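Worksheet: the structure to be examined is printed underneath.
The values are calculated or read from the model by the stated rules, or taken from the named source; none is laboratory data. Just so it is clear, the structure is predicted and the values come from calculations on it, not from any experiment. Cβ placement follows ideal geometry from the backbone for every residue including glycine, while neighbour counts extend to all protein chains displayed.
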Amino acid sequence: MNEIEKIEQEVKNININELYEAFKEIPFGNSDFQNRYFVVNSQLTPARAFRAVCLRIRDRISALMETYYELQKENIDIEEMEEKVKTEANKYERMRLEIEIEKKKMQRIDTEKLVQDAIHETKYLLKLYEELPHPKREEFEAEELEHFEKYLKVQLLSNGALQSLLAIGKQADDKLQLHEANPEWRFDVFEDVKKLKGK
């Protein structure tokens, strides 16, 4: 059995459709929890939280648009190859074309999963976007001193992991056991937003 036959046999033994059905339920991008607490709530001010969610939305939309255009070009490539297969006189070139068509169609399964993840993530990020104030440039700049004061305070007291723990309302003791964070230290940008809206 040659290497191609071995690979073919192994792939046949794997139920790819069943695997991808299971994959659909697990985020391959950021989870909702990750976006809420580590992209947004780990920020030290509402303005920085807004900036973080905007950057992540921009990244997801950019990836979706790139995929959209790549898929359109790929559709043309597949159609062109399918036409060439019908008229190609050279049997080896015809075989290469058939393999390339099969490969491109197979890759679509993975692309579909990543697109669904990006769409889900974008929708969730847009919900977070709506929860946050939308500062103007001057308002953003006005919060920068507060942001960097908090940032430097955290850096002085830890190796940087403290900020991530505080974002989920936890802190570690000297034995690295996690406990509820001291309210004076806890970061909760969503609570800060509520206070700002109450003014």
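Descriptive notes on the structure:
- Scanning the stretch 28-61 for residues that are polar (S, T, N, Q) and either in contact (Cβ under 8 Å) with a residue 60 or more places away in the chain or in contact with an Asp or Glu (Cβ under 9 Å, 6 or more places away or on another chain) (or both) yields Asn30, Ser31, Asn35, Asn41, Ser42, Gln43, Thr45.
- Number of the condition not met by Tyr69 [criteria: (1) under 14 Å from Phe190 (Cα atoms); (2) among the hydroxyl-bearing types (Ser, Thr, Tyr); (3) in a helix (DSSP H, G or I)]: (1)
- All positions within the stretch 121-132 that are of a type outside the set (A, V, I, L, M) and surrounded by fewer than 15 Cβ atoms within 10 Å (Cβ to Cβ): Lys123, Lys127, Glu130
- Filter result for Glu146 (without any contact (Cβ under 8 Å) to a residue 40 or more places away in the chain, under 30 Å from Pro46 (Cβ atoms) and either part of a helix (DSSP H, G or I) or more than 28 Å from the chain's Cα centre (by Cα) (or both)): no
- Within the stretch 62-98, the set of residues being touching a residue at least 40 places away in the same chain (Cβ under 8 Å) and of a type in the set (Ser, Thr, Tyr) comprises just one member, Thr67.
- For the stretch 156-187, the tally of residues that are of a type in the set (Asp, Glu) and modelled with pLDDT of 75 or more stands at 1.
- Between Glu74, Glu121, the distinction of being part of a helix (DSSP H, G or I) and farther than 30 Å from His147 by Cβ belongs to Glu74 only.
- Enumeration of residues in the stretch 19-35 that are in a helix (DSSP H, G or I) and farther than 16 Å from Gln107 by Cα: Ala22, Asp32, Phe33, Gln34, Asn35
- Of all residues in the stretch 64-120 being within 20 Å of Phe23 (Cα to Cα) and of a type in the set (S, T, N, Q), the one that is surrounded by the fewest Cβ atoms within 10 Å (Cβ to Cβ): Gln107
- Leu196 being modelled with pLDDT under 90 and aliphatic (A, V, I, L, M): yes
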